[in-house]
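Participant: Before we start, here is the structure in question, set down as structure tokens.
The values are calculated or read from the model by the stated rules, or taken from the named source; none is laboratory data. Since the model is a prediction, treat every value here as computed from it, not as a measurement. A quick note on method: Cβ atoms are made from the backbone with ideal geometry, for glycine too, and the neighbour counts reach across all protein chains shown. Only protein heavy atoms, including side chains, enter the accessible area calculation; ligands, DNA and RNA are left aside. Shrake-Rupley method; radii C 1.70, N 1.55, O 1.52, S 1.80 Å.
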Amino acid sequence: MFRSLLKRTTFLNQLNKSNGFNRNYFKQSTLTRSDALSRHVETEDNNEHTPFDFTQENLVKVEKILAKYPKQYRQSALIPLLDLAQRQNGGWISLRAMDKVAHICGIAPMTAYEVASFYTMFNRTKIGENFVQVCTTTPCMLRGSGEIIKTCKSHLGIQVGETTPDNKFTLVEVECLGACVNAPMMCINDDFYEDLTSASTINLLDQIKNNKPTKIGPQTHRKAAEGPQGKTTLLEPPVGPTCRDDL
């Protein structure tokens, strides 16, 4: 079987060269910069000896979250507790923070590591004060997300996956954030900014850098996802479905 695979690989390599492609058929995938945020990098402030514990205020939230699940299914609280730990930790989740959450949920630490590595909402390395996530999925791409990325890189002076020297901004590309009808868009921390142009992107970044209020949502005159003619349907509150409790 190995010889057969080797022969096939050699044949395809020769075929590529004969067609003008001087490259190996099998290539190692390049690690994207955004992927680096989901990998553990041991540093002085992120190792097995770095302390972490929830604040008293967040411990109250922990109990509220756990109360949503039966005691025998405490592990179901893993994702919301990881999110809470990440928010307390400044937008990223350390090794000891994951260990703390695993202990609360009664699971092996490796389970918490696997979840935090799988979901891109969790950052396992430090990020800047403002986490700039630019959507580059097809609807946003067709509406000019490439120009938005280019503007962010130029204006912030960093590449995708990097943090500005003043620790104000970290820039990443992400997949669909669910605001396709208002493309192109980006998410900064928990806020969506939509219908972007290069000019409005620069204005937003400057406002945030100078701690000024920003306009959340579409950066045009329209509200939510209204078309150019404004709201033309659903002019009255819709009647909800009849539920069993109403019978």
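Participant: Any chance you could get the radius of gyration and Dmax over the Cα atoms of region 38-118, in Å?
Facilitator: For region 38-118, the Cα-based Rg and Dmax read 12.1, 38 Å.
Participant: Tell me, what % of the accessible area of region 114-247 is carbon and sulfur with a 1.4 angstrom probe? Mind dumping the intermediate values first?
Facilitator: Values: 4410 of 8170 Å².
Of all accessible area on region 114-247, carbon and sulfur atoms account for 54 percent.
Participant: Here is a follow-up. With contacts defined as alpha carbon pairs under 8 Å and 6 or more residues apart, what's the relative contact order of region 130-218 in percent?
Facilitator: Details: 145 pairs, mean separation 29.8, N = 89.
Relative contact order comes out at 33 percent.
Participant: Next question. Shape verdict for region 88-247, please, from the Cα gyration tensor: rounded (a/c under 1.5), prolate (a/b greater than b/c) or oblate.
Facilitator: Numbers: a/c = 2.24, a/b = 1.13, b/c = 1.99.
Oblate is the answer for region 88-247, as a/c is 1.5 or above yet b/c matches or exceeds a/b.
Participant: How large is the accessible surface of T111 in square angstrom, using a 1.4 angstrom probe and rounding to the nearest 10?
Facilitator: Rounded to the nearest 10, the figure is 50 Å².
Participant: Given the protein chains as shown and a 1.4 Å probe, how many square angstrom of L95 are accessible, to the nearest 10?
Facilitator: L95 has an accessible surface of roughly 20 Å² with all protein chains in place.
Participant: Also: Figure the gain on full extension for N203 and T111 (residue separation times 0.36 nm, minus the Cα-Cα span) and round it to one decimal in nm. Intermediate values should be presented prior to the final figure.
Facilitator: Details: separation 92, 0.36 × 92 = 33.12 nm, distance 4.18 nm.
That works out to 28.9 nm of additional length.
Participant: Using a Förster distance of 41 Å, how high is the FRET efficiency between S154 and Y73, based on the Cβ-Cβ distance and rounded to 0.05? Please report the intermediate quantities before stating the final value.
Facilitator: Details: r = 49 Å, r/R0 = 1.19.
Plugging the Cβ-Cβ distance into 1/(1 + (r/R0)^6) gives 0.25.
Participant: Suppose each label sits 7 Å from its Cα in the direction of the beta carbon; what would the N89-D53 distance come out to in nanometres?
Facilitator: 1.7
Participant: Now for a different question. How large is the accessible surface of C176 in square angstrom, using a 1.4 angstrom probe and rounding to the nearest 10?
Facilitator: 70
Participant: Next question, about the same structure. First check a/c for region 64-180, with a ≥ b ≥ c the square roots of the eigenvalues of its C-alpha gyration tensor; if it is under 1.5, answer rounded, and if not, answer prolate when a/b is larger than b/c or oblate otherwise. Spell out each step's value before the answer.
Facilitator: Details: a/c = 3.13, a/b = 1.91, b/c = 1.64.
Prolate is the answer for region 64-180, as a/c is 1.5 or above and a/b outweighs b/c.
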